[in-house]
Amino acid sequence: MDDVAVPDTPGGIPRLSVRVLTHDYGRFLGTCLQSVLDQTFEDLEVIVIDDASTDDSWAIAQDFASRDPRIRAVRHDTNRGFMGSLLHSAELARGEYHVQLDADDWLLSPDVLTTLVELMDGHPTMAFCFSPYALHDESGSFFYCAEGLGADVVLGGELAIGEVMKFVVPHSGTVVRRSSYDAVGGYDPAYPYGPDMRLFYSLCAVGDVGYVHRPLIGYRVHGSNMSTSARWSLIFDESVRAVESVFASPFAERIPDAHRVRRAALRSFLQQHPSKEIFAGHYRSGWRLLMRHARRQPWLSLVQPNTLVLVARTVLGGRLYARLRGAAP
């Protein structure tokens, strides 16, 4: 049976549910939870799912729960995996809005949740909103900011889907309207490696999409990330399947220039994960992954401007590349 440290949030149903998942991420969990408790937005609950960790994750979750009644700590007796924990956290969440945070990520400033909730409040037809994320190494040192949409913007779902399919939407830190989540059936267990991608694509079909043009989420890159340790061929196949499902649905008829959007989406995915690896300094694994993609889709993988960026980052190294771009590494 699962243990629940704090069963209820004082003051009734909270407006926002923050869902934090951990499996042997105790070394990061405290930073993540403290970044949530430091927020100026206070009408929230925090649901911590410890998926049968073997480290000190549960002790840390219990400690935080004992100090703040808004935290509900739940421990799985047996490991359910990422999808099982994700579905369980969504089932427990009661807020009008939800936001997912992996335990190794964190909110970069105290106004993050206020900023995102106010954006959702101001647009009742908005299904979700997000910001660019800042990549950090395991020690927490910044090295790269993911590209976003260029400016604060609200787009109809049929216009936003092309940008969303460029894989610019982080799972961590994206605020989702619960009614929209329920309308599309929530996370689809048929996509265990990319449930967020499938969810965001579906949400574009039922509402608007908001974007805040400043990094709000710290995303930590390290050896045990699911996104770097999972089998890449399965991630690739699942991502392509998620994209193709959109263009096989009635929603495709509402997407302007759908054929171009589809090709751009596939091109973005083919370089997204190799780019993350290369900008993290993992040059060998990044290029190996890109070559693996190139064997399947050579034209879409290699013949695009970002390939030159990856070559420059590899040849110059992090510090010189950042200096030439006029940015801090």
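If the condition is being surrounded by 22 or more Cβ atoms within 10 Å (Cβ to Cβ) and of a type in the set (Ser, Thr, Tyr), then region 23-52 contributes only Tyr25.
Residues of region 98-110 that are of a type in the set (Asp, Glu) and either surrounded by fewer than 24 Cβ atoms within 10 Å (Cβ to Cβ) or in contact with a Leu (Cβ under 9 Å, 6 or more places away or on another chain) (or both): Asp102, Asp104. Of all residues in region 53-97 being surrounded by 20 or more Cβ atoms within 10 Å (Cβ to Cβ) and hydroxyl-bearing (Ser, Thr, Tyr), which is nearest to Leu113 (Cα to Cα)? Selected residue: Tyr97. Would it be correct to say that Val154 is of a type in the set (A, V, I, L, M), without any contact (Cβ under 8 Å) to a residue 60 or more places away in the chain, part of a loop (DSSP other than H, G, I, E, B) and at negative phi? Against the criterion (of a type in the set (A, V, I, L, M), without any contact (Cβ under 8 Å) to a residue 60 or more places away in the chain, part of a loop (DSSP other than H, G, I, E, B) and at negative phi), Val154 does not qualify.
Select, from Phe82, Phe41, the only residue that is under 22 Å from Met120 (Cβ atoms) and in contact (Cβ under 8 Å) with a residue 24 or more places away in the chain. Explain how you work it out, then say what you get.
Details: Phe82 fails: under 22 Å from Met120 (Cβ atoms).
Of the residues listed, the single one that is under 22 Å from Met120 (Cβ atoms) and in contact (Cβ under 8 Å) with a residue 24 or more places away in the chain is Phe41.
For region 248-271, the candidate set comprises residues that are assigned to a helix (DSSP H, G or I) and surrounded by fewer than 16 Cβ atoms within 10 Å (Cβ to Cβ); within that set, the residue that is modelled with the lowest pLDDT is Arg263. Residues in region 135-184 that are surrounded by 20 or more Cβ atoms within 10 Å (Cβ to Cβ), within 30 Å of Phe28 (Cα to Cα) and small (Gly, Ala, Ser): Ala146, Gly148, Ser172, Gly173.
The rows are residues; the columns are (1) of a type in the set (A, V, I, L, M, F, W, C); (2) in contact with a helix residue (DSSP H, G or I) (Cβ under 9 Å, 6 or more places away or on another chain); (3) at pLDDT 95 or above.
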{"site": "Pro10", "(1), (2), (3)": "no, no, no"}
{"site": "Leu16", "(1), (2), (3)": "yes, yes, yes"}
{"site": "Leu33", "(1), (2), (3)": "yes, yes, yes"}
{"site": "Asp38", "(1), (2), (3)": "no, no, yes"}
{"site": "Asp51", "(1), (2), (3)": "no, yes, yes"}
{"site": "Thr54", "(1), (2), (3)": "no, no, yes"}
{"site": "Trp58", "(1), (2), (3)": "yes, yes, yes"}
{"site": "Asp68", "(1), (2), (3)": "no, yes, yes"}
{"site": "Arg72", "(1), (2), (3)": "no, yes, yes"}
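For His123, the criteria (1) out of contact with any strand residue (DSSP E or B) (no Cβ under 7 Å at 6 or more places or on another chain); (2) part of a loop (DSSP other than H, G, I, E, B); (3) modelled with pLDDT of 95 or more; (4) not charged (D, E, K, R) hold in every case but one, which is (1). Only residues that are of a type in the set (Ser, Thr, Tyr) and farther than 19 Å from Leu316 by Cα were counted across region 262-280, and they come to 1. Residue under question is Leu116, and the condition is that it be closer than 18 Å to Phe247 by Cα and not in a loop (DSSP other than H, G, I, E, B); does it hold? No.
In the set Leu113, Leu199, Leu119, Leu203, only one residue is aliphatic (A, V, I, L, M), farther than 23 Å from Ser268 by Cα and crowded, with 20+ Cβ neighbours inside 10 Å; that residue is Leu113.
The values are calculated or read from the model by the stated rules, or taken from the named source; none is laboratory data. Treat the numbers as computed from the prediction; the structure is a model and nothing was measured. Cβ atoms come from the backbone with ideal geometry, glycine included; neighbour counts cover every protein chain shown.
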